[in-house]
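The structure appears right after this line, and notes come after that.
Only the coordinates and a few stated rules stand behind these numbers; no lab work does. Computed from a prediction, not measured in an experiment: that's the story for all the values here. Cβ placement follows ideal geometry from the backbone for every residue including glycine, while neighbour counts extend to all protein chains displayed.
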Amino acid sequence: MKEIKIIKNRSDIGAGTRGSDLGIDAIEIAAINAGSDFFNQHSYVDVPTSNEAVYEKQYTPYALRIGKVREVCENLCNYVMETLKEEKFPLILSGDHSSALGTISGLKCTYPDKRIGVVWIDAHADMHSPYTTPSGNVHGMPLAAALGDDNMDCKRNSVTATTFENWEAIKNIGGIQPKILHSDLVYFGVRDTEEQEDINIIKHKIKNYKVEEVRFRGLEICVSEAVEKLKNVDYIYISFDVDSMDCDLISKGTGTPVSKGFDQVEIKQIIKGIISSRKLACLEIVEVNPCLDNRGNAMAEAAFDIINDVTKLI
């Protein structure tokens, strides 16, 4: 087993709804209430945030607060690099999902000559760019940035010079672009997308294991296929957005809840299946929002249950 280092990133400025910055504390409370000393067992670092940016007037409507998101991702990149160089396993707990670009950047910058595979467990594809986004929220863009893919064939927005400058910089964190290849990305549970993303997914033949397919064909079969698809990568990063779980079954404690998702047992099995490949380099959990939880602290409790179980295999 590798020594785990927890990286706490309480940033929620990439989201359209406030509150995921409190997700880490909610997970820690869930651990305490479960009688667990998990958070005393591992070293940790806190990533500086720029959450005060939510009070600032925005002049980049198709990439809200992108300059500050860029700073957060650059900081997170450095913390992930530092942890990997210490030969520890980075367990990243983040607010909104824009953080994934920072984590992927840290992994790629540590191993610039290696191929990075991504297992994206999420209700959303997060493959928009400022040129295609319907919302302007950067938490819908981390994969586009990591792929260096503006999807200009589906352009719908004209961006400002400030947006252009920051978007180019965010794609190029660490001086490496792209960070990952389309062929090295696998989705689990994506079921809420826009047309621009659908076109790009089909164009690049990105596999999405939808909930109904996983249940019909069998979870072990689908996970084994995903591992086989990523056989040529050197390291794998798992990004687990809690909205991949069924909001009606678990809770609505996340910014963009979607029905008909996985249950937490299935999430555990997916993550454990990827761990069995022995290529997992880091794991990130995002988008727990206790402000929106309609069942107390149920989403954070489910997230901690998953974290506590799967990390025993790392």
Fill in the blank from the handout: With Cα springs under 10 Å, the Gaussian network model of the chain assigns the largest mean-square fluctuation among 157, 289, 297 to 157
Problem - Backbone HN-Hα couplings from phi across region 198-207 [Karplus 6.51/-1.76/1.60, Hz, Gly and Pro as x] - result: 4, 4, 5, 5, 5, 4, 9, 6, 7, 7
Fill in the blank from the handout: In a Gaussian network model of the chain with springs linking alpha carbons closer than 10 Å, the residue among 78, 172, 232 that fluctuates most is 232
Problem - Long-range HN-HN contacts of residue 44 with modeled amide H, under 5 Å - result: 6
Exercise for the section: Give me the distance between the Cα centres of region 205-234 and region 68-108, rounded to whole Å. Expected result: 26
Completion exercise
Net charge (Lys, Arg +1; Asp, Glu -1) of residues whose beta-carbon lies under 12 Å from that of residue 60, residue 60 excluded, is +2
Practice task
Return the label of the correct value of percent of Cα pairs over 31 Å apart, as calculated from the structure shown, out of (1) 31; (2) 21; (3) 28.
Solution key: (2)
Fill in the blank from the handout: For region 47-111, Rg(Cα) over 2.2 N^0.38 Å is 1.21
Completion exercise
Calc'd 3J(HN,Hα), region 114-131, phi into Karplus 6.51 cos²θ - 1.76 cosθ + 1.60 (θ = phi - 60°), Hz, glycine/Pro = x, comes to 10, 8, 9, x, 10, 10, 10, 9, 6, 7, 10, 7, 6, 10, 7, 10, x, 7
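Pull out a ≥ b ≥ c, the square roots of the eigenvalues of the alpha-carbon gyration tensor of region 81-228, then state rounded if a/c is under 1.5, prolate if not and a/b is larger than b/c, and oblate in the remaining case. Kindly include the intermediate steps, with their values, before the conclusion.
Numbers: a/c = 1.86, a/b = 1.09, b/c = 1.70.
It is oblate, given that a/c is not under 1.5 and a/b is not larger than b/c.
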Exercise for the section: Rank these for me by crowding, 278, 191, going from fewest to most other beta carbons within 10 Å. Expected result: 278, 191
Exercise for the section: Calculate one ³J(HN,Hα) per residue across region 137-154 by plugging θ = phi - 60° into the Karplus curve 6.51 cos²θ - 1.76 cosθ + 1.60, and present them in order as whole Hz with x for glycine and proline. Expected result: 7, 6, 5, x, 10, x, 6, 4, 5, 5, 7, x, 10, 7, 6, 5, 4, 10
Practice task
Pull up all non-local amide H partners of residue 262: gap of 5 or more, or a different chain, and H-to-H distance under 5 Å with H placed in the peptide plane.
Solution key: 245, 246
Practice task
Compare 16, 273, 296 in a GNM of the chain, Cα atoms joined below 10 Å, and give the one with the largest fluctuation.
Solution key: 296
Fill in the blank from the handout: Interchain or sequence-distant (5+) residues whose placed amide H lies within less than 5 Å of the amide H of residue 11 are 95, 96
Exercise for the section: Would you mind checking the pairs 210/279; 108/171; 8/268; 114/268 and listing those with alpha carbons more than 18 angstrom apart? Expected result: 210/279; 8/268; 114/268
Problem - Backbone N within region 151-168 under 12 Å of label point (7 Å from residue 204 Cα along the Cβ vector) - result: 151-152
Completion exercise
With +1 on the Cβ of every Lys and Arg and -1 on the Cβ of every Asp and Glu, the dipole magnitude of region 63-104 about its Cα centre, in debye rounded to the nearest 20, is 160
Exercise for the section: Give the distance, in whole Å, between the Cα centre of region 146-201 and the Cα centre of region 23-48. Expected result: 32
Fill in the blank from the handout: Only helices counted: for the chain, with every DSSP H run of 4 or more residues adding -39500 (n - 2.57) and the sum spread over all residues, [θ] at 222 nm is -11000 deg cm²/dmol
